[in-house]
Amino acid sequence: MKILLRLTLLFSIFFCSCKPKHQGEKKTGLLSNLVSITDNEDRGIKEIIAFYGGQCEYGVEKKVYTNKANESNFWLKLSKSASIDSLAKVPELHCSNIVYILYKNLDKEKNNYNHIESELIFGDGGTMKSSFTIAQLEKVKSKIQLVDKIVSLI
């Protein structure tokens, strides 16, 4: 019975890791391979890769605490991107844009996460990280809609 259970588990891991990936997509960790992403999350990752190019790793991180509420975070790591390397003068802008591109594609999934985190890895080995709460991203989304309305009036 134990052998059958082990073989079933091994087959499941192998089967889940054989799913086709996007060009530039890389999932890391066992949990990320076993948990599939939604169509909206997939659309956001495709948009990031289309906009910046390079390689995008992503996953879900769970944090469990004894003295406060547990957290669930979606993380993105973008590397090998020529456009990021050429525009590295303002890396904060690109870190936040990567998070926002994913966020604007989410629907009900927004409630699944406390933070969306991004990390840029530059060609010279330098890195830049950022993390945004869902409340911050919702505020940005409402402000962008206002800016779009103003621009259309001009």
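Readers should treat all values here as calculations from the given coordinates under stated rules, not as data from a laboratory. It should be emphasised that the depicted structure is a prediction, and the values quoted were computed from it without experimental measurement. Please note: Cβ atoms are built from the backbone with ideal geometry, for glycine as well, and neighbour counts cover all protein chains shown.
Pairs exceeding a 25 Å alpha-carbon distance, out of K80/K143; K62/K129; K46/K77; K108/K143: K80/K143. DSSP beta bridges confined to the stretch 43-154 are antiparallel in about 70 percent of cases. Of the trypsin sites (Lys or Arg not before Pro) found in the stretch 35-125, those in coil by DSSP whose Cβ has at most 12 other Cβ atoms within 10 Å are K68, K89.
Annotation note: GluC sites (Glu not before Pro) in the stretch 115-152 located in DSSP loop regions with a Cβ neighbour count of at most 15 within 10 Å are absent. If you find the alpha carbon centre of the stretch 39-73 and of the stretch 93-154, how far apart are they in angstrom? The stretch 39-73 and the stretch 93-154 have Cα centres separated by 12 Å.
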